[in-house]
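Structure first, commentary second.
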Amino acid sequence: MRDTPQGYAALIREKCPFVPEAAIILGSGLGELGEQIENAVAVDYGTLPGFPVSTAPGHKGRFLLGTLGGKAVVCMQGRLHYYEGHSMADVILPVRVMRMLGAKTLIATNAAGGINTSFSVGDIMLIEDHINFMGKNPLVGANDETLGCRFPDMSFAYAPELRALAERCAGEIGTQLCKGVYLACSGPSYETPAEIRAFRTLGADAVGMSTVPEIIAANHCGMRVLAFSLISNMAAGILRQPLTEEEVLEAGRQKGVEMQRLIVEILRNL
Ligand code: HPA
């Protein structure tokens with residue numbers, strides 16, 4: 001019980017008896033939104049016995065519970081990536097914990113490379129659908145029927161009503177949104193130009209190394225999901241220049257504020 005989603009939720013509840021309505025995952029370079037949470041209580045992943053800890057740059061590795069946009073939220077300031085060596089079960093564990101705390105809606109963010117050549121660095125892409133190219137599904141293994149069913153439907157993985165809300169909110173605050181399909185690779189190497197050409201043919205608009213396992217897990221346990229990619233760089237081969245981790249973090253610093261405003265506006269209207 002101790003190292004189950006239910007067990008970790010019980011431990012967190014001891015520190016902070018608080019029922020969040022929404023869960024938020026802050027991606028690479030987007031952790032700043034956490035600082036806006038009112039009356040925040042922080043629970044470091046490292047203080048939960050046996051809980052996996054994130055090592056990726058720009059990821060703090062803690063839950064923050066508090067109020068944002070007038071809503072009770074639990075936020076992951078730092079996610080766990082498959083490329084860090086975590087098992088898929090560990091990658092999705094925090095999502096399940098947030099569900100067990102009571103969150104019914106998940107808003108996920110990430111930094112991604114733009115595959116669609118009409119995109120520019122700094123664009124915010126509303127994820128309409130995804131392609132799982134990680135070679136793994138996080139639900140492989142015994143199914144926990146208390147969480148969800150064996151074969152969860154993914155037809156509406158990104159809730160249409162939340163996407164409509166996001167578009168309305170973006171319009172209200174004057175934020176330009178683009179829309180598209182997110183393709184997830186395992187990483188940690190970036191893609192080759194040939195892979196990016198292939199992914200474009202497959203229908204992908206952006207590429208990254210996260211989010212898809214968490215979205216699958218969230219759908220499995222009955223959460224409504226909304227997700228955004230901050231286009232931090234154009235994907236390999238498009239600009240004929242090497243990709244760097246620094247540009248990914250820099251895009252977060254520059255355009256993260258706009259993404260934060262959008263998420264707060266969406267929470268207000270949830
Ligand atoms: N590829 C994969 N992951 C990424 C990228 C990219 O170009 N940019 C940010 N995360």
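Each value in this text was obtained by applying a stated rule to the coordinates, not by laboratory testing. Everything numeric in this text was worked out from a predicted model, so none of it was measured. Here the Cβ positions follow ideal geometry from the backbone for every residue, glycine too, while neighbour counts run over all protein chains shown.
The magnitude of the dipole of the chain, with charges of +1 and -1 set on the Cβ of Lys/Arg and Asp/Glu and taken from the Cα centre, is near 320 debye.
Which of Asn116, Asn143, Asn219 moves the most in a Gaussian network model of the chain with Cα springs under 10 Å? Of Asn116, Asn143, Asn219, the most mobile in the Gaussian network model is Asn143.
Full extension of the chain between Leu11 and Gln254 yields a length gain of 83.9 nm, computed as 0.36 nm times the residue separation minus the alpha carbon distance.
Amide H contacts of Asp123 (H built 1.01 Å from N, in plane; Pro and chain starts excluded): Ile231 sit under 5 Å, all sequence-distant by 5 or more or on other chains.
Here the extension length gained between Thr55 and Thr4 equals 16.2 nm, from 0.36 nm per residue of separation less the Cα-Cα distance.
On full extension, the segment bounded by Thr192 and Gln241 gains 16.5 nm, given 0.36 nm per residue less the C-alpha separation. The H on the amide N of Arg224, modeled in the peptide plane, is under 5 Å from the matching H of Thr105, Leu106, each at least 5 residues off or on a different chain.
Computed from backbone phi, the HN-Hα couplings of the range 150-166 come to 4, 10, x, 6, 10, 5, 10, 4, 10, 3, x, 5, 6, 5, 5, 4, 4 Hz, rounded to whole numbers (Karplus: 6.51 cos²θ - 1.76 cosθ + 1.60, θ = phi - 60°; Gly and Pro given as x). Under the convention that each Lys and Arg Cβ holds +1 and each Asp and Glu Cβ holds -1, the size of the dipole of the range 3-92 around its Cα centre is about 60 debye. What is the helix-to-structure angle for 193-202, meaning the angle in degrees between its Cα long axis and the longest Cα principal axis of the chain, kept from 0 to 90 and rounded to the nearest 10? The angle comes out at about 70 degrees. Other residues whose C-beta falls under 14 angstrom from the C-beta of Arg268 contribute a net charge of -1, scoring Lys and Arg +1 and Asp and Glu -1.
Here the range 72-170 is treated with +1 on each Lys and Arg Cβ and -1 on each Asp and Glu Cβ, and its dipole about the Cα centre works out to around 180 debye. Place a point 7 Å from the Cα of Asp153 along the Cα-to-Cβ direction; which residues of the range 208-223 have their backbone N under 15 Å from it? Correct set: 219-223.
What net charge is computed for the residues neighbouring Gly237, neighbours being all others with C-beta under 11 Å from the C-beta of Gly237, Lys and Arg scored +1, Asp and Glu -1? The partial results should precede the final answer.
On the way: positive: Arg197, Arg200, Arg240; negative: Glu191, Glu195.
So the environment of Gly237 carries a net charge of +1.
Put simply, the amide H of His86, placed in the peptide plane, has no neighbours under 5 Å, leaving out anything fewer than 5 places away on its chain. Take every Cα pair under 8 Å whose residues are at least 6 apart in sequence, average their separation, divide by the length of the chain, and the relative contact order is 26 percent.
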